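Chemist: A single structure is presented below for examination.
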Amino acid sequence: MPLPVASESELRRRLIVALDVPDARAAVAAAQTLQGHVGMLKVGLELFVAEGPDVVRRLRGEVPELEIFLDLKLHDIPNTMCGAIRSARSLGCRFITVHAGSGLAHLKACVAEAGPELGVLAVTVLTSQDAAACAEAGHTRAPAELVAMRAAIARAAGCAGVVCSGQELAGVRAAAPGIACVVPGIRPAGAEVGDQKRVMTPGQAIADGAAYLVVGRPILGAPDPAAAADAIVADMLDGAQAN
């Protein structure tokens, strides 16, 4: 079900900016610009491979009011995944991603290793993939069906939430009631879609029950990133009020 929305500040807390930047200096500069305008910073593969765990420590030191979402999309044998989660837990991150396609046993092991401090988010189907891409990868199910099936597995494993397209929110809510949905592929009305396939506006995603929204280029690529973030929060508020 949708999270209760008490205020604009609550919605701002649920806006995650993707720090898809090449180095720690750019990450810290973006974070300092956006503090007070977003609630969480997503550190993905580009930044983490370039800078390693120290970038998380630096962000936590520079902007302690912003939580960290470590988006590594782990997919390996359980022992290796659990080792990575153990290291991430020591960094004080709020969330870490693993691929839901790893299966129930893998997800359960990750959740057990993460403990209550670190939320495991199961990535269902990447928002850059459509039905044709899924078929090319050997999947016999349509994206929406695959997402719903993986969300149910994530819920059974005790994951903190799933990562899914806004277009699959209704299916996830039916298949995995109560699970938090983190939605990337968010694009304000009229924005460039880029390499995303299954996209949605901020307001519609909130109206449909998203717990958190992940936005990268529409914020970081804007002339005024803070103003762009504020505009997205305003759209989220419209969606919440329309729900």
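The values are calculated or read from the model by the stated rules, or taken from the named source; none is laboratory data. These numbers come from a predicted model, not from an experiment. Because the Cβ atoms are built from the backbone with ideal geometry, glycine has one as well, and the counts that use them run over all protein chains shown. Ligands, DNA and RNA are excluded from the accessible area calculation, which covers all protein heavy atoms including side chains. Shrake-Rupley method; radii C 1.70, N 1.55, O 1.52, S 1.80 Å.
Chemist: Taking only the range 78-109 into account, find how many residues are part of a helix (DSSP H, G or I), in contact (Cβ under 8 Å) with a residue 40 or more places away in the chain and open to solvent by less than 50 Å² (accessible area, probe 1.4 Å).
Modeler: 3
Chemist: In the range 35-60, how many residues are in a helix (DSSP H, G or I) and under 17 Å from the mean Cα position of the chain (by Cα)?
Modeler: So the answer is 5.
Chemist: For the list (1) at pLDDT 90 or above; (2) in a loop (DSSP other than H, G, I, E, B); (3) open to solvent by 50 Å² or more (accessible area, probe 1.4 Å); (4) not aromatic (Phe, Trp, Tyr), I need the number of the one condition that residue 156 fails.
Modeler: (2)
Chemist: Return the residue satisfying two criteria in turn: it lies in the range 11-25 and is in contact with a Leu (Cβ under 8 Å, 6 or more places away or on another chain) and in a helix (DSSP H, G or I), and of such residues it is nearest to residue 205 (Cα to Cα).
Modeler: So the residue we want is 11.
Chemist: Also: Residues in the range 185-198: is at least one at pLDDT 90 or above, surrounded by fewer than 19 Cβ atoms within 10 Å (Cβ to Cβ) and over 15 Å from residue 39 (Cβ atoms)?
Modeler: Among the residues of the range 185-198, not one is at pLDDT 90 or above, surrounded by fewer than 19 Cβ atoms within 10 Å (Cβ to Cβ) and over 15 Å from residue 39 (Cβ atoms), which makes the answer no.
Chemist: Failed condition for residue 32, given (1) within 22 Å of residue 160 (Cα to Cα); (2) surrounded by fewer than 18 Cβ atoms within 10 Å (Cβ to Cβ), with all others met?
Modeler: Among (1) within 22 Å of residue 160 (Cα to Cα); (2) surrounded by fewer than 18 Cβ atoms within 10 Å (Cβ to Cβ), the lone unmet condition for residue 32 is (1).
Chemist: Follow-up question, since we're still on this one. Going by the conditions given, is residue 136 of a type in the set (Asp, Glu), at pLDDT below 85 and over 18 Å from residue 200 (Cα atoms)?
Modeler: Yes: the conditions hold for residue 136.
Chemist: Considering only the range 201-220, state which residues are surrounded by fewer than 19 Cβ atoms within 10 Å (Cβ to Cβ) and modelled with pLDDT of 95 or more.
Modeler: Result: no residue meets the conditions.
Chemist: Please verify whether the range 61-74 includes one or more residues that are over 17 Å from the mean Cα position of the chain (by Cα) and open to solvent by less than 70 Å² (accessible area, probe 1.4 Å).
Modeler: For the range 61-74, residues over 17 Å from the mean Cα position of the chain (by Cα) and open to solvent by less than 70 Å² (accessible area, probe 1.4 Å): present.
Chemist: Next question. Name every residue in the range 79-116 that is at pLDDT below 95 and touching a Gly at 6+ places or on another chain (Cβ under 8 Å), in order of residue number.
Modeler: 89
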